[in-house]
Amino acid sequence: MIAVLEWSDKFSTGVPEIDAQHQELFRQVNRLLEACMQGGGKHLLPEILDFLGKYALEHFATEERYMTRYAYPKLAEHKKVHEDFVQTFLDFRKKAETEGSGVNLVVQVNRTLVDWLKNHILGMDQEMGRFLQGAMGKK
């Protein structure tokens, strides 16, 4: 069984706009996970991929805007990780278009999204959030 992503304070960066976007990402990934558990992941995958493609770009732009505005010293490194994720995502899109949304692809997308979201938010985004809170005088 696939575990859904549950939002908790441990994922909070302390930047409300970024946290709200992370929560929406969790909701959309959970839609895909729940559809998979009910056997409908193949049908929902194209819609979720479309949403995530647009939303991830919008979200990354938001984070990068904050990092630029407050001169975050690890902006280039963080941006590179975002670019790598976008490339992985584009590879999934291409695979879905050429091979269809098979069960293996659905599972691969699920695993990649869940792992990436958890690891990225709990790692790089937490570090960025601490920096931004200090820079914005929220500590």
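In segment 115-127, the residues that are of a type in the set (Phe, Trp, Tyr) reach residues that are assigned to a helix (DSSP H, G or I) and surrounded by fewer than 16 Cβ atoms within 10 Å (Cβ to Cβ) with C-beta atoms within less than 9 angstrom, at least six apart or across chains, in these pairs: Trp116/Thr88. Might you let me know whether segment 26-44 holds any residue that is at pLDDT 90 or above, at negative phi and of a type in the set (D, E, K, R)? The answer is no, given that none of the residues of segment 26-44 is at pLDDT 90 or above, at negative phi and of a type in the set (D, E, K, R). Return yes or no: is Glu34 in contact (Cβ under 8 Å) with a residue 12 or more places away in the chain and buried (at least 19 other Cβ atoms within 10 Å of the Cβ)? In short, no. Segment 26-139 holds helices (runs of 4 or more DSSP H) entirely within its bounds, and those carrying 3 or more residues that are over 20 Å from Ser8 (Cβ atoms) and in contact with a His (Cβ under 8 Å, 6 or more places away or on another chain) map to 41-69.
The values are calculated or read from the model by the stated rules, or taken from the named source; none is laboratory data. Just so it is clear, the structure is predicted and the values come from calculations on it, not from any experiment. Backbone-built Cβ (ideal geometry, glycine too); neighbour counts: all protein chains shown.
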